[in-house]
Protein chains: 2
Amino acid sequence: MNIEEQLKKAFDPYFEAPIEIWKHFASLCELIYYKKNEIIKEAHRADRYGYFLLEGSVGQFVWKENNFICLDLFLENSFFADDISLMSGKPSAMQIVALEKSSVLRLSRSNIEKLKQTPMGAMLFMIGDQNAYAEKQKQQIEFMTKTAEERYRELMKSKPEILQRISQKHIASYLGITTQSLSRIRRKKD
Amino acid sequence: MNIEEQLKKAFDPYFEAPIEIWKHFASLCELIYYKKNEIIKEAHRADRYGYFLLEGSVGQFVWKENNFICLDLFLENSFFADDISLMSGKPSAMQIVALEKSSVLRLSRSNIEKLKQTPMGAMLFMIGDQNAYAEKQKQQIEFMTKTAEERYRELMKSKPEILQRISQKHIASYLGITTQSLSRIRRKKD
DNA sequence: CAAAAAAGTTACCATAGGGTAATAAAGCAT
DNA sequence: ATGCTTTATTACCCTATGGTAACTTTTTTG
């Protein structure tokens, strides 16, 4: 599958934009490859890019005491960014890291602005932003209404491939617990 | 202060739109009054409105075990909605409640769509959505990197009026703890 | 204003999850 | 492959927070 088809397919569940839009989108991007554990966006720097993950996996992290904890995980065909830095133009605490060998489309802020000036482009970003918010709110509800063990079992059911591909260290911090606690949960039954 | 000035002033920190836009915005809204504890949007219903809080305070809740826990709190001059239901058109678990006597501007989905068709309107909603996402992410970082006690002290510092105006029951659940735990924290020193 | 309801406090014990540390297992590099 | 580094497991004890329950204070409402 070529890149514009991949973009279209990833976005279609939310809004079906014609393939020409995605050709235009892709034409404004750079294609970048990252090795496992390579830093895509360093903590306490500014970043003026949005990204689309073609292959691999990526995590958003912030520092807590003595390690990075994971705010969100992305698998291929997802949009991701350090939205706070991208919006404000200022440095943010977030670090973004490739968790597997990954290929990524990178779109600069100025090209984002260009895209937003077309009606269809504006629509895409609006829907993307709304969706990001909705996902974050769902994540909050999971956090506030379920135990770590319930969140683990939920994740196991809904995205089992994450458990195969991402190290438990990251999954544990994503679930809001230590690797020891995750081990304890996994031991019970699996 | 009249309504359009109030709208403009609330939004200006993010993007300075001309007052005419806000007149147009206000003209598409209904003004509604709620009593303390009145339900603005009931859990497990759909809601096709966005809201702007002129006076009072409002909370977003979801059910957990035997009570409603608070996902977010709003004071006057904030936009709020059940975004998930508003986006999807479908029922959602969220309940929205006036926590004090409140006055609210209510904007229907169809009028939101109308506004979004103007370039300036599209801009406003885009910025609003981005901002909502950024706030939610900040809230997540607070949750994942700080203890309940730290979150309480932080809230005390950043929005002390909340502690005066909102019942501890709601503040406790907003902080992710029980009222007993909040009492214990408050006892320490205050 | 008085009675009733709701909210807040305190104490008790229970439990999920954290911190340290030792060990085992897996992944990576020469 | 062989060692070196990182990750995962397990055990130990510790702490923050939860649940129940009794009591007090505040708020609501007839």
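Per-structure values
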| item | result |
| --- | --- |
| Only Lys, Arg (+1) and Asp, Glu (-1) charged, at Cβ; the protein assembly as shown dipole about Cα centre in debye | 1380 |
| Neighbour net charge for A:L86 - beta-carbon separation under 14 angstrom, K R +1, D E -1 | +1 |
| Cα extents of the protein assembly as shown along the three principal axes, largest first (Å) | 56, 51, 36 |
| Too-long pairs where the Cα-Cα distance tops 29 Å, listed order kept, from B:K36/B:K114; A:K169/B:K159; A:K114/B:K90; A:K138/B:K146; A:K116/A:K157; A:K138/B:K169 | B:K36/B:K114; A:K169/B:K159; A:K114/B:K90; A:K116/A:K157 |
| Average other protein chain Cβ within 10 Å of Cβ, residues A:83-90 | 3 |
| Mean separation of Cα contacts under 8 Å (6+ apart) over length of chain B, as relative contact order % | 23 |
| From the C-alpha gyration tensor of chain B, square roots of 5λ in Å | 30, 18, 16 |
| Among A:I127, A:I141, A:I19: highest mean-square fluctuation, GNM of chain A, C-alpha pairs under 10 Å | A:I141 |
| For region B:143-190 versus region A:139-172, the gap between their alpha-carbon centres in whole angstrom | 27 |
| Other copies of A:L163: label-to-label distances in nm, shortest first, labels 7 Å along the beta-carbon direction | 4.3 |
| Summed side-chain charge close to B:K41 - residues other than B:K41 whose Cβ falls under 12 Å, Lys, Arg +1, Asp, Glu -1 | -2 |
| Centroid-to-centroid separation of region B:53-87 and region B:107-121 [C-alpha atoms, Å] | 22 |
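Read the figures in this text as sums done on the coordinates, not as results from a lab. None of these values were measured; they are calculated from a predicted model. Using ideal geometry, Cβ is built from the backbone for each residue, glycine included, and neighbour counts are taken over all protein chains shown.
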